[in-house]
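Colleague: Have a look at this one before I ask anything.
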Amino acid sequence: MLVLGIESSCDDLSMSLVDQGRVLANVTATQTLDHAPFGGVVPEIASRRHLESLEPTLELALQKAGRGLDAVEGVAATFAPGLVGSLLVGLNFAKALAYARGLPFRGVHHIEGHLWSAFLENEERYPFLALAVSGGHTHLYYVRAFGDYEILGHTVDDAAGEAFDKVAKRMGLGFPGGPAVERLAREGDAKAFDFAVPQVKGRPLHTSFSGMKTAAMEYLEGPARDRAADLAASFQRGVVRALTTVCRRALEARPARQLVVAGGVACNGPLRAALAELAAERGVDLVLPAPKYCMDNGAMIAFVGERYLREGRSHPLTLNAQARLPLGVAP
Ligand code: KG4
Ligand code: ZN
């Protein structure tokens, strides 16, 4: 079933065409340069740029896929969570297309998309443990079947990507911060500064990053003032250890055949390496999306949308956008 997927929850507008789980095209209009001067995403700029990019992005996606709009059999779009203005642009466009062409429509939860981005190029084996780690999420799920997500833990404050971004901003490294911190960290000593793994009382599978972020800010005021690379390497090591710790605990507590890690932070090289080591130790397969599918993309939305639509599980066109909605809760 040829499905058009639209992702617009933050500052990227991405459209993709997927057929039988195969990605025929994935086109992303990024806005990094529009937001860079502000050190973060400005919601109103994001939604206005999306509005301008809708038609050219769709045209390019159809062209790359070598298909006309007539061939599209279903439409999917991210409906939650995210910046509401941004979500509404992609969602409304998707619903209008579905309405005008009489096609089935499915709203897709952004995190569900991220989780399945790992399976654009791999086969799933249940049950699996999934860590969604991005600018807005640090959530750990236990997945027994498609659409069945049990939340095991989450951050109690900042998301891991958000912590990377805030520390990078303070260091003048620009936005998004994760890749910049990773680059700088290559030249630094990861043991130069201590970043203890935070423990959330009574919740061993929860994470917390605000303490680490504050510690980084304090080091930067004093001992790390002239040691940016050492600070970047040490902070990154702290985040990687915190994420690996919760994954290890979850794998000890639950039987799992795969460990899936998705979202922007899953691009991080040292995190990928540490999780590969953990997976080998525990005898589970580590499943990671290709780097191009770690960041927000339409392919993951089209992929999940196609699976629901093939099962006949469409949404009514009255589906609204939601800024916050945990995965696994009915919209
Ligand atoms: O999934 P994503 O594109 O958007 C959200 O849904 O948030 O993730 C973006 C986040 C940003 O916080 C960015 O700094 C982080 O992912 N990120 C990284 C890396 N690449 C992107 N964090 C650490 N290391 C990276 N290489
Ligand atoms: Zn995302």
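Colleague: Say whether the condition of being over 21 Å from G178 (Cα atoms), within 16 Å of ligand 1 (Cβ to nearest atom) and at pLDDT 95 or above is met by at least one residue in segment 27-44.
Modeller: Yes: one or more hits.
Colleague: From the list P223, P198, P204, P179, exactly one residue is under 18 Å from G263 (Cβ atoms) and not hydroxyl-bearing (S, T, Y). Which is it?
Modeller: Step by step, each of P223, P198, P204, P179 is checked, and only P179 is under 18 Å from G263 (Cβ atoms) and not hydroxyl-bearing (S, T, Y).
Colleague: Look through segment 109-121, keep the residues that are modelled with pLDDT of 95 or more and not in a helix (DSSP H, G or I), and return whichever of them is nearest to C10 (Cα to Cα).
Modeller: Only one residue tops the list, namely H109.
Colleague: I've got another one for you. Please enumerate the residues belonging to segment 213-236 that are of a type in the set (A, V, I, L, M) and open to solvent by 10 Å² or more (accessible area, probe 1.4 Å).
Modeller: A215, M217, L220, A228, A229
Conditions tested, residue by residue: (1) outside any strand (DSSP E or B); (2) within 16 Å of ligand 2 (Cβ to nearest atom); (3) within 30 Å of E123 (Cβ to Cβ); (4) open to solvent by 40 Å² or more (accessible area, probe 1.4 Å).
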position	(1), (2), (3), (4)
G5	no, yes, yes, no
M15	no, yes, yes, no
T28	no, yes, yes, yes
L33	yes, no, no, yes
E44	yes, no, no, yes
R49	yes, no, no, yes
A61	yes, no, yes, no
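Colleague: Being hydrophobic (A, V, I, L, M, F, W, C) and in contact with an Asp or Glu (Cβ under 6 Å, 6 or more places away or on another chain), is that true of even one residue in segment 251-264?
Modeller: no
Colleague: Consider M217 against the criteria (1) part of a helix (DSSP H, G or I); (2) touching a strand residue (DSSP E or B) at 6+ places or on another chain (Cβ under 7 Å): it satisfies all of them except one. Which criterion is unmet?
Modeller: For M217, the exception is condition (2).
Colleague: If you don't mind, there's one more thing I want to ask. Got a sec? Which of P179, P198 is closer than 25 Å to H154 by Cα and within 20 Å of the chain's Cα centre (by Cα)?
Modeller: P179
Colleague: If you don't mind, another one. Out of the residues in segment 133-154 that are open to solvent by less than 20 Å² (accessible area, probe 1.4 Å) and outside any loop (DSSP other than H, G, I, E, B), which is farthest from ligand 1 (Cβ to nearest atom)?
Modeller: Only one residue fits best here, namely Y142.
Colleague: Conditions: (1) in a helix (DSSP H, G or I); (2) open to solvent by 20 Å² or more (accessible area, probe 1.4 Å); (3) among the small types (G, A, S). A242 meets all but one. Number of the miss?
Modeller: Here A242 meets the rest and fails (2).
Colleague: What number of residues within segment 298-324 are open to solvent by 20 Å² or more (accessible area, probe 1.4 Å), of a type outside the set (K, R) and under 20 Å from the mean Cα position of the chain (by Cα)?
Modeller: The number of residues fulfilling the criteria is 2.
The values are calculated or read from the model by the stated rules, or taken from the named source; none is laboratory data. As the structure is a computational prediction, the values presented were derived from the model and not from experiment. Positions of Cβ are generated from backbone atoms using ideal geometry, with glycine treated the same way; all protein chains shown enter the neighbour counts. Just the protein is used for accessible areas: all its heavy atoms, side chains included, with ligands, DNA and RNA removed. Shrake-Rupley method; radii C 1.70, N 1.55, O 1.52, S 1.80 Å.
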